[in-house]
Amino acid sequence: MQLMRSAHKLPHPVYMLVLVDIFAFSLLFFRETPYDISPLIVGLSLIASILMVYFLIRGFKLGDEYIFLIVSMLFSIGAVMLYRLDSELGIKQAKWLGIGLVAFFAGYFIFGWFKVWDRLLFFYMAASMGLFAVTMGFGREIKGSNNWIVFQGFSIQTSEIAKILFLFFLASYYSQREKLFARFSKVRVTAAFMLVAYLLMGLLVLQKEWGTPLVLFLVYFAVIYIFEKDVRILLVNALAAVTAGTAGVLFVHHIRVRVDAWINPWADIAQKGYQIAQSLFAIGAGGFFGTGIGLGRPELIPEVRTDFIFSAICEEMGIFGGVAVILLFLLLVYRGFKIALRCGEVFEKTLALGITLMFAFQTFVIIGGVIKLLLLTGITLPFISYGGSSLVTNFAALGVLQRISAKQATAERSTAYEDR
Amino acid sequence: MFEIISSLLKYVFITIIYIFIFGIMRLIYLDIRSMSAKNFPKAVSLPYLKLVSLKDHFNFKVEESYLLTEDTTIGRSRGNSIHIEDPFLSGRHAILTKKGGSFYIQDVGSTNGTELNGTRLGTEPVLLKDGDRIHAGQLDFLYVSGERQGEGNAADEKRP
């Protein structure tokens, strides 16, 4: 009771967010002795853009006001960490936030303006394949994955776009399948759908990308678990996954190395187990409250700016900081599920579910990977890791989720009005 | 100097981040509560028992409301129609009997007793009126007859 009463006097969470940014970026300002004002500029622009978008969402009643707040907190933690790792990177990440927020509103408005999204099933399939062809034709291999297009100095990771297309594909199939069932037999439609889904995931595997297809498979499996009533369909898919996984471990050298490093990173600590061992050292060095920002050595972890950023957070903000990140994702996913549950239309329901599950599984897979709970696969931690493509597509997906929640809110307001 | 500030600020950061998380959770909680309070009375025209005590104080499962359709027993053991594992309830604590459209309440020799509007009940049945407060174990219920729904809402706002 006392707790609840004092909670009424707590300022709104958005001010907490501003406070974290002010403290963190002022701290970074004092870090190097010829004082440079760039951390302050980055911090202020971060606060300004977050506040602007948040008050736009609240002022114009653009739906759920929590998801953006939660994402902003995650982004702030990530941006502070990235700035601390490399100030150039922090500045770039702040610029990406600007583009990400444009993508957020683009996702919001474009998704709202056009009403044809559920009928574009074949377009999503064709676009995914076209994207694959373009990537194979003009792509460049960066960090072992052939899924980058370099265009006038910008490198775009096409698998991020393929991810969103896949979610639209799933949603559009489940909203259109009644029509397809009327024309073809149920078994044939389901089989064709499964084949296409595996084909789209397989195309990503051909680009030597493992993390994204894994996340997409988990999303796909969760969605068919929700929509398909027949247990046999689930069994077939589970069997396919187990077969593909076993084959991967047995025949793909790259995966076998990962498995070896996962089972015992200490056996070959200088080579195969180096990444995971450094990550575990970093998490261990942090303890409960961490070393403090700027006082740890997270730069020793390979790939710390993207895949291993969670270890860096654990090292400098402690296990409490890491748990806070997980809690924030949990709240985000909870809100996403709530939006999906309240949806009336199948298309929007599946899409909201898909986007939420994508955030959830991506977080689970990468955090599980860096703490050696799961096999390590190189994917980004949504909204935290450095990376333009990932940030922009995630913000666009968040914009779509925001739009779906806004539509519900308007629908509910109008029914409440009719009741009166 | 930077070391000292940073190692002090880390506690501040963690605290603020958790206050943020707590604040978000609280807003979501209030949001859900206001929604369920809005929807409930409209749908129900049957008499029901509404929990008045704050649910989060209990470490056992208890519903926000119990619909009364027929004779109902309240108690800790599984055979009761309203079965709540409150250690202060007796195995069989009280019975609500339906006669005509109204309900009568009686205690069935419970250890800690049952109170109706602050007076302890005996084993003879007492007629329940809309807005009566029933106290059993650690729980406080409000009897809502279902015909006048305004009462239920007013009691909702009286909540501590």
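The values are calculated or read from the model by the stated rules, or taken from the named source; none is laboratory data. Nothing here was measured: the structure is a model prediction, and the numbers come from that model. Virtual Cβ from ideal backbone geometry, glycine too; neighbours counted across all protein chains shown. Side chains are part of the model used for accessible areas, which takes the heavy atoms of the whole protein and leaves out ligands, DNA and RNA. Shrake-Rupley method; radii C 1.70, N 1.55, O 1.52, S 1.80 Å.
Selection over segment A:381-420 of residues that are over 21 Å from A:PHE111 (Cβ atoms) and modelled with pLDDT of 90 or more gives a count of 4.
For segment A:239-263, filtering for residues that are in a loop (DSSP other than H, G, I, E, B) and open to solvent by 70 Å² or more (accessible area, probe 1.4 Å) leaves 0. Take A:PHE289 and tell me if it is among the aromatic types (Phe, Trp, Tyr), away from chain B (no Cβ under 14 Å) and open to solvent by 50 Å² or more (accessible area, probe 1.4 Å). Answer is no for this residue. Scanning segment A:300-322 for residues that are open to solvent by 70 Å² or more (accessible area, probe 1.4 Å) and in a helix (DSSP H, G or I) yields A:LEU300, A:PHE320. For segment B:62-102, taking the residues that are under 14 Å from B:ASP140 (Cα atoms) and among the charged types (D, E, K, R), the one that is least open to solvent (accessible area, probe 1.4 Å) is identified as B:ASP86. Taken over segment B:1-19, the residue count meeting the criterion of being within 16 Å of A:GLY294 (Cβ to Cβ) and more than 7 Å from chain A (Cβ to nearest Cβ) is 3.
Can we say A:LEU391 is over 22 Å from A:TYR83 (Cα atoms), open to solvent by less than 10 Å² (accessible area, probe 1.4 Å) and not in a loop (DSSP other than H, G, I, E, B)?
no
Give the residue, chosen from A:LEU280, A:LEU331, that is within 14 Å of chain B (Cβ to nearest Cβ) and not acidic (Asp, Glu). Result of the check over A:LEU280, A:LEU331: A:LEU331. On inspection, A:TYR274 does not qualify as aromatic (Phe, Trp, Tyr), within 15 Å of the chain's Cα centre (by Cα) and open to solvent by 10 Å² or more (accessible area, probe 1.4 Å). Among the residues of segment A:55-65, are any away from chain B (no Cβ under 13 Å), open to solvent by 20 Å² or more (accessible area, probe 1.4 Å) and modelled with pLDDT of 90 or more? Scanning segment A:55-65, I find at least one residue that is away from chain B (no Cβ under 13 Å), open to solvent by 20 Å² or more (accessible area, probe 1.4 Å) and modelled with pLDDT of 90 or more, so the answer is yes. Of B:GLY91, B:GLY79, all but one fail to be over 17 Å from the mean Cα position of the chain (by Cα), over 30 Å from A:ILE22 (Cβ atoms), at pLDDT below 80 and away from chain A (no Cβ under 14 Å); the exception is B:GLY79.
Here A:LEU101 meets each of (1) within 14 Å of chain B (Cβ to nearest Cβ); (2) more than 22 Å from B:ILE14 (Cα to Cα); (3) in a helix (DSSP H, G or I) with one exception, condition (1). From the list A:MET81, A:MET4, A:MET73, A:MET52, the one residue that fits, being part of a helix (DSSP H, G or I), in the same structural domain as A:ALA397 (by TED's automatic domain parsing), open to solvent by 10 Å² or more (accessible area, probe 1.4 Å) and modelled with pLDDT of 90 or more, is A:MET52.
Quick one: would you say A:ILE339 is part of a helix (DSSP H, G or I), touching a residue at least 12 places away in the same chain (Cβ under 8 Å) and either crowded, with 21+ Cβ neighbours inside 10 Å or outside the structural domain of A:ILE404 (by TED's automatic domain parsing) (or both)? Write out each step before concluding.
On the way: part of a helix (DSSP H, G or I): yes; touching a residue at least 12 places away in the same chain (Cβ under 8 Å): yes; either crowded, with 21+ Cβ neighbours inside 10 Å or outside the structural domain of A:ILE404 (by TED's automatic domain parsing) (or both): yes.
In short, yes.
Of all residues in segment B:49-63, exactly one satisfies the criterion of being under 21 Å from B:LEU116 (Cβ atoms) and without any contact (Cβ under 8 Å) to a residue 40 or more places away in the chain, namely B:GLU63.
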